[in-house]
Amino acid sequence: MASPTTSATTRMTMIEAIRSAHDLAMERDEKVVVFGEDVGYFGGVFRCTSGLQKKYGSHRCFDAPINESGIVGAGIGMAAYGLKPVVEIQFADYVYPAYDQIVSEAARMRHRSAGDFTCQMVIRMPTGGGIFGGQTHSQSPEALFTHVAGLKVVVPSNPRDAKGLLLAAIEDPDPVIFLEPKRLYNGPFDGHHDRPVTPWKNHPLGEVPEGYEITPLGKAEIRRSGSAVTVLAYGTMVYVAEVAAEESGIDAEIIDLRTLMPLDLPTIQASVEKTGRCVIVHEATRTSGFGAELSATVQEACFYHLEAPILRVTGWDTPYPHAQEWAYFPGPDRVGAALKEVMEA
Amino acid sequence: MPDSKPLKLRIPEPGCRPGDQPDFSDFVIPRAGEARRPEIDSDPEAMRDMAFSIVRVINKKGEAVGPWVGALDPEELRDGLRHMLTLRVFDERMTVAQRQGKTSFYMVHLGEEAVSCAFRMALDDGDMNFPTYRQAGLLIAGNYPIASMMNQIYSNDQDPLKGRQLPVMYSAKDHGFFTISGNLGTQFIQAVGWGMASAIAGDTKIASAWIGDGATSESDFHAAMVFASTYNAPVILNIVNNQWAISTFQGVARGNAVTFAERGHGFGIPALRVDGNDYLAVHAVAKWAADRARAGLGPTLIEHVTYRAGGHSTSDDPSAYRSKEEGSAWPLGDPIDRLKRHLIEIGEWSEERHTQALAEVNETIRAAQKEAEKHGTLTSGNKPSPRSMFDDVYAEMPPHLVAQRQAGGY
């Protein structure tokens, strides 16, 4: 059994951090089972579950038929039995066949049965673009899940958080949608696609506790303190916002939300009340995106502190294109322009 | 170049609509006792014929005949008859209660009582059913309190589900009854997952999945079949073919296949059809499938051939889409009449005892209803508090829900 806390750290990519979280959770609790497409022998197309089948046996880590509804539906049955399934959907773009099982079943099990049955399950999926994945390997469907009562939605932005948040998600008594920004698996991509990406081994957030250390769900983290404007971001957009602040010279306070549901409103509110301005950045399409929820929430909570309209920088309301990827992607220029606009308002 | 003609579809239609004379002459029904009984460890390939036959035990005279004659003693058979009578009377009383405005909705089992009542007796405590809304016999035969079922139907302040679910969408983990969804077919794959979990945990319990003929079209049916097949999961996969999915006859879901049981063949899953109106046959086939699952031999697909003699629900009017005479023309008879005749035939029952038993069942249901109505109905008495609807969305209420509850004044 892993010790509950340890101060020893080691450099990991986000993939290694996610693998380490699986490993420690499986070692600690034999109720944790892992399955999904290609996750067994091969260890997943992104290798996040590599080595787990060899270490824990094929009853606890195995390949699933290519049927997302089946993967989530079987996971729900396992959770009803009392196991703690951690399932992988190969790409978030593939999750839609499982949507009914997630929305109508996993999310409502506790409520509809008044606690008779519950669904302690993690549904992991790589999300977001920037890898020339076209419309079926690039989407950011987080708002489809934040809209659903009963789900928790987590988007880590770095290896340290990915490990700690995944460990928390596995132990959370409710279903957790765990969206892994695939463009961040190997380094903190900031949207400058024509430049090399710093590998995680050269980034402080690539320093990951070796042991079993949970990062609590529902807590945002301020990535950059600033006084001029609050930027709400998550996943890849945290780094895009950082570089945009640097390049525009605007003293932005950048909040990495980490958990979208439940949302850490106190951290957001304190920052917006301090800066009086707010820019929301996400890669997903704009209309009815999570930014709309954030904007409404900030307006309700901070209206009398606002000195400018809240702005959103998002993906366009188009399918995610292939060749036009960087025209779609809300990169540093667009975020920087929004920062300037909100300062000039 | 071949002769090209405009293409056409086949849109399946039932043989009988309102005003037509019911005709079941093309429904091939083997004689009771005719279907063979393979060993549970037989090669699935060698049992393919079972998907085209029908296991039947009680013959027209009421005798139990053939290789599927089971191990139930007369006392157990009388229990079974009482369970079915209880379910039927329960349905009658709750239908009236719905008509009286005491609840919003109800669904009866008329004609299908043997399926869930007999099946339950082949399971052990600790096994888990993933039912549809038409298997309340699993609860009744499992001695779940009748008044608790009514409290759920009434959504009163003793409703175990706190007024959150439509009537009849029970949940009873301690009685091996998974929370009913209402979204069709989702439970079929969940049952397979539960069975897989039992095997992963090294347990001995088995799962039982339920679905109707219509919902076998759902993708989750096929997901369940492939998962059950791939992992050899300890699960019994039940299709209740009651001929009608609301107004859609079973041919629309079955398509060009001859039977629903046949769906098992593509997955290498042993598949049988059973006379769903024959208590003895349902029990025997269920026991056979449960023995297979418990022996590590994997899933079994059972098509229960029955007839939905009532409406789909209290919101349905079957006379709008099928002949009123079809139910009485249904060739497999009534499950209660058939078990009653069998018990009389073997000298373990009589008309007098039946009348007496029915009176007792009526009294039991009446007393339970009185008890339940003390706690209110949907339209009278105490209700679960609005405050409680914010509970159980999550294990721990997140701040936004606390805020919403306060804003609502609850």
### Query
Out of the stretch B:140-152, which residues are out of contact with any helix residue (DSSP H, G or I) (no Cβ under 6 Å at 6 or more places or on another chain) and crowded, with 22+ Cβ neighbours inside 10 Å?
B:M149, B:Q152
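A quick yes/no check of all residues on (1) within 13 Å of the chain's Cα centre (by Cα); (2) within 8 Å of another protein chain (Cβ to nearest Cβ); (3) buried (at least 23 other Cβ atoms within 10 Å of the Cβ):
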| position | (1), (2), (3) |
| --- | --- |
| A:L83 | no, yes, yes |
| A:E105 | no, yes, yes |
| A:A149 | no, yes, no |
| A:E171 | no, no, no |
### Query
Out of A:R110, A:R124, which single residue is facing another protein chain (nearest Cβ under 9 Å), surrounded by 22 or more Cβ atoms within 10 Å (Cβ to Cβ), touching an Asp or Glu at 6+ places or on another chain (Cβ under 7 Å) and at pLDDT 95 or above?
A:R110
### Query
Among the residues of the stretch A:320-332, how many are without any contact (Cβ under 8 Å) to a residue 60 or more places away in the chain and either not in a loop (DSSP other than H, G, I, E, B) or not assigned by TED's automatic domain parsing to the domain that holds A:A244 (or both)?
1
### Task
Mind listing just one residue for me: the one in the stretch B:380-410 that is closer than 17 Å to A:L265 by Cβ and exposed (fewer than 15 other Cβ atoms within 10 Å of the Cβ) and, of those, farthest from the other protein chains (Cβ to nearest Cβ)?
B:Q406
### The listed residue being of a type in the set (K, R), out of contact with any Lys or Arg (no Cβ under 9 Å at 6 or more places or on another chain) and either closer than 24 Å to B:M121 by Cβ or surrounded by fewer than 16 Cβ atoms within 10 Å (Cβ to Cβ) (or both), out of B:R17, B:R31, B:R37, B:R56
B:R37
### Query
Limited to the stretch B:82-101, what total is found for residues that are within 11 Å of B:L339 (Cβ to Cβ) and either crowded, with 24+ Cβ neighbours inside 10 Å or not assigned by TED's automatic domain parsing to the domain that holds B:H354 (or both)?
3
### Summary
Those residues of the stretch B:168-198 which are more than 7 Å from every other protein chain (Cβ to nearest Cβ), under 27 Å from B:I146 (Cα atoms) and part of a helix (DSSP H, G or I) amount to B:D174, B:H175, B:Q187, B:F188
### Query
Quick one: which strands (runs of 3 or more DSSP E) sit completely within the stretch A:223-319 and have at least 2 residues that are touching a Ser or Thr at 6+ places or on another chain (Cβ under 8 Å), closer than 30 Å to A:P173 by Cβ and outside the structural domain of A:G164 (by TED's automatic domain parsing)?
A:252-256, A:259-261, A:278-285
### Query
Name the residues in the stretch B:150-166 that are within 14 Å of chain A (Cβ to nearest Cβ) and in contact with a Leu (Cβ under 8 Å, 6 or more places away or on another chain), would you?
B:Q152, B:S155, B:N156
### Query
Can you find even one residue in the stretch B:342-351 that is touching a Leu at 6+ places or on another chain (Cβ under 9 Å) and part of a helix (DSSP H, G or I)?
yes
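The values are calculated or read from the model by the stated rules, or taken from the named source; none is laboratory data. What you see is a predicted model, and the numbers here were worked out from it, not measured in a lab. Counting neighbours? That spans all protein chains shown, and the Cβs are built from the backbone with ideal geometry, glycine included.
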